[in-house]
1. Using only the Cα atoms, what convex hull volume per residue in Å³ does the chain have?
2. What distance in nm separates the simple spin-label points at residue 13 and residue 33, each placed 7 Å from Cα in the Cβ direction?
3. Once fully extended, how much extra length lies between residue 20 and residue 42, figured as 0.36 nm per residue of separation less the alpha-carbon to alpha-carbon distance?
4. Relative contact order (percent) for the chain, with alpha-carbon contacts under 8 angstrom and 6 or more residues of separation?
5. Using θ = phi - 60° and the Karplus form 6.51 cos²θ - 1.76 cosθ + 1.60, what ³J(HN,Hα) does each residue of region 39-44 get, whole Hz, x for Gly and Pro?
Amino acid sequence: MSKMNRLDWSKQITLMNERIKHFQANPGQEQLDAVVAELQAYAEAARSGGIEIPARFTVN
């Protein structure tokens, strides 16, 4: 995985985590639907090879 791909992946994970935190702070159907849609899109991209996921990563 290139450094740029790893950076893009990290940014995507950060955005997904922010959406989850927003839902946790303000639960509602609209926020839940947004989180589920984001997770489904991520899973589909991973399944189809549209994104590269590092085998290991470190959380700071």
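Only the coordinates and a few stated rules stand behind these numbers; no lab work does. This is a predicted model, so every value here is computed, not measured. All Cβ positions, even for glycine, are placed from backbone atoms using ideal geometry, and neighbour counts span all protein chains on display.
1. On the way: hull volume 4.8 nm³, N = 60.
Enclosed volume per residue, from the Cα hull, is 80 Å³.
2. 3.0
3. On the way: separation 22, 0.36 × 22 = 7.92 nm, distance 1.35 nm.
Length difference between fully extended and current span is 6.6 nm.
4. Numbers: 22 pairs, mean separation 25.2, N = 60.
With pairs under 8 Å counted, the relative contact order is 42 percent.
5. Residue by residue, region 39-44 yields 5, 5, 5, 5, 4, 5 Hz.
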